[in-house]
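Participant: Submitted below is the structure of interest, expressed as structure tokens.
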Amino acid sequence: MFPWLAYGHLMPFLEVATFLARKGHRISFISTPKNLQKLPANLPSSITLVELPLPRVHGLPDSAESTSELLQNMVPYLKKAYDMLEPAVAEFLVNSDVNWVIQDFMSFWLPQKARQLGVKSVFFSIFNASILAFIGPPSLLIDNQARAKTAEDLTVVPQWVTYPTKIAFRLHEVLNEEDFVDPKSNMSVFERFGRSIQGCDIVAIRTCSEFEAEPLSLLKKFYARPVVPMGLLSPQNKSRHEGDGRWSELKQWLDGKEGKSVFYVALGTEVALSQELMHELARGIEKSGLPFVWVISRKAGPSSIPSGFESRVSGRGLVWVGWAPQLDILAHPSIGGFLTHCGWSSVIEALGQGRALILFSGGSSDQGLMARLMDERRVGSEVPRDSRDGSFTSDSVAETIKWVMVEPEGEEVRANAWAMREIFGNVESQLKYLEEFARALEKGRA
């Protein structure tokens, strides 16, 4: 297993590794020292953590080993360092007896290395099928100019998507991701996807056919190789932090609220809004007049919210700085909605509990596309933003929160989100996909 150096990639890879290990397979989980140190301590004994020191790159802070430690404009340096791991990964493969490599989209060079050594490869996409359908066939991805000559090309539904959808980027989301259309010294993200798909033996995707039948069908035509849905990797343990002191404090606060009356706010660890936009978001949350829990990352810190905000919302709202047990919060009966940055993992966790989504795209990677998808599926509503600069008003934030949480017009969205528990919260059904994936690997090894 060789994931990209981002927490949102490491954890889905680790979930798959743990499942395969419990099926009796030996797993080598490769990453850098700091990333491996962050993984849980109680892993199955058949998982071996393989440390590879991250090569130093001019411009990359010496201590940085993951995207969470960097501003967006520094990530290209991390990609360069990651690519420089190629010789070390190749040496590991030479000296091991692995049958399969399960890789991420960043390591476009790995399938060819593996094939030279008689090792088969899986491209495991933590992005869902709708996102892969939007980016297109491998041939177009490799020819970067054929996929997108300008940023505007990414703001329309591509002609190869044959089912009805409105999923496309907003201009401000594309401009945040410079290497979509301007790869500079790095290989573009599109080309990395294309070469990873074209080089592998199996494409495995974090999704299920109950939710994405049409995109999966389209990808099978694009890829000309097995496309295996992995299931949603739905969380199985809903109460890992019952004995934790901080969780007890938070739970006590939530216990005092009425059922489905509270909306939860969390923008992930890597979304970095300007202070101006954070203040505007805070004013919108305040204007909604509804109870809330707002988890703010330590990177953003308490200084990112307006002076006096906490005192004005005292009793109605709770601001929580630092890590929080998201699964436990979402599972609490007082939570009715989730103002989210639209990361796929967070969406899966929320819909697993039937929580309606207040969609506030973080604007990087696939988050804008995810916001459109969830709005289109009528399980949430997107906060209106200026398509060019991403700006928004506190009034639009407040109105969207109230629409999703309490207004009669939002009842359909609340009902749809609640019904999604049957898919996203059905752990037994989702595990069947992983069983199918394990059988595909075992069959391919024989």
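Participant: Residue by residue through the range 249-276, note down the ones that are surrounded by 12 or more Cβ atoms within 10 Å (Cβ to Cβ) and of a type in the set (Ser, Thr, Tyr).
Facilitator: Result: 261, 264, 269.
Participant: Looking only at the range 372-399, which residues are acidic (Asp, Glu), in contact (Cβ under 8 Å) with a residue 12 or more places away in the chain and surrounded by 17 or more Cβ atoms within 10 Å (Cβ to Cβ)?
Facilitator: Those that are acidic (Asp, Glu), in contact (Cβ under 8 Å) with a residue 12 or more places away in the chain and surrounded by 17 or more Cβ atoms within 10 Å (Cβ to Cβ): 375, 382.
Participant: Given the conditions (1) modelled with pLDDT under 95; (2) closer than 25 Å to residue 209 by Cα; (3) of a type outside the set (D, E, K, R), which single one is not true for residue 362?
Facilitator: Condition (2) is where residue 362 drops out.
Participant: Additional query: Can you find even one residue in the range 297-320 that is among the small types (Gly, Ala, Ser), over 25 Å from residue 376 (Cα atoms), surrounded by 21 or more Cβ atoms within 10 Å (Cβ to Cβ) and in contact with a strand residue (DSSP E or B) (Cβ under 7 Å, 6 or more places away or on another chain)?
Facilitator: Yes, that holds for at least one residue.
Participant: Within the range 57-80, can you find the residues that are small (Gly, Ala, Ser) and either over 21 Å from residue 39 (Cα atoms) or surrounded by fewer than 18 Cβ atoms within 10 Å (Cβ to Cβ) (or both)?
Facilitator: 59, 63, 68
Participant: On to the next question. Could you list all residues from the range 294-333 that are among the aromatic types (Phe, Trp, Tyr) and without any contact (Cβ under 8 Å) to a residue 40 or more places away in the chain?
Facilitator: 294, 309, 323
Participant: Further question on the same structure: Given the criteria closer than 15 Å to residue 6 by Cβ and among the acidic types (Asp, Glu), does residue 65 qualify?
Facilitator: It is true that residue 65 is closer than 15 Å to residue 6 by Cβ and among the acidic types (Asp, Glu).
Participant: So, one more: Within the range 17-31, identify whether any single residue is over 19 Å from residue 99 (Cβ atoms), at pLDDT 95 or above and not polar (S, T, N, Q), and answer yes or no.
Facilitator: no
Participant: On to the next question. Tell me yes or no: at least one residue of the range 355-370 is in a helix (DSSP H, G or I) and within 20 Å of residue 288 (Cα to Cα).
Facilitator: no
Participant: Right, another one. For residue 147, work out the one condition from (1) closer than 22 Å to residue 26 by Cβ; (2) modelled with pLDDT under 95; (3) crowded, with 22+ Cβ neighbours inside 10 Å it doesn't fulfil.
Facilitator: (1)
Here is a yes/no grid of residues against (1) touching a residue at least 60 places away in the same chain (Cβ under 8 Å); (2) assigned to a helix (DSSP H, G or I); (3) among the acidic types (Asp, Glu):
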| site | (1), (2), (3) |
| --- | --- |
| 401 | yes, yes, no |
| 409 | no, yes, yes |
| 412 | no, yes, yes |
| 415 | no, yes, no |
| 418 | yes, yes, no |
| 423 | yes, yes, no |
| 428 | no, yes, yes |
| 433 | yes, yes, no |
| 437 | yes, yes, no |
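Participant: Here are some residues: 81, 88, 114. Which one is closer than 18 Å to residue 198 by Cβ, at pLDDT 95 or above and under 28 Å from the mean Cα position of the chain (by Cα)?
Facilitator: Matching residue, one of 81, 88, 114: 114.
Participant: What's the total number of residues in the range 186-220 that are at pLDDT 95 or above and either in contact with an Asp or Glu (Cβ under 6 Å, 6 or more places away or on another chain) or farther than 26 Å from residue 174 by Cβ (or both)?
Facilitator: Qualifying residue count, the range 186-220: 11.
Participant: Continuing with the same structure: Residues of the range 354-399 being of a type in the set (S, T, N, Q) and under 22 Å from residue 72 (Cα atoms), which ones?
Facilitator: 361, 364, 365, 367, 387, 391
Participant: Just need a number here: residues in the range 100-122 that are loosely packed, with under 15 Cβ neighbours inside 10 Å and of a type outside the set (Gly, Ala, Ser).
Facilitator: 3
Participant: Could you check the range 150-180 and list, in sequence order, the residues that are over 24 Å from residue 221 (Cα atoms), exposed (fewer than 13 other Cβ atoms within 10 Å of the Cβ) and polar (S, T, N, Q)?
Facilitator: 150
The values are calculated or read from the model by the stated rules, or taken from the named source; none is laboratory data. Keep in mind that what you see is a predicted model, and the values were worked out from it rather than measured. Please note: Cβ atoms are built from the backbone with ideal geometry, for glycine as well, and neighbour counts cover all protein chains shown.
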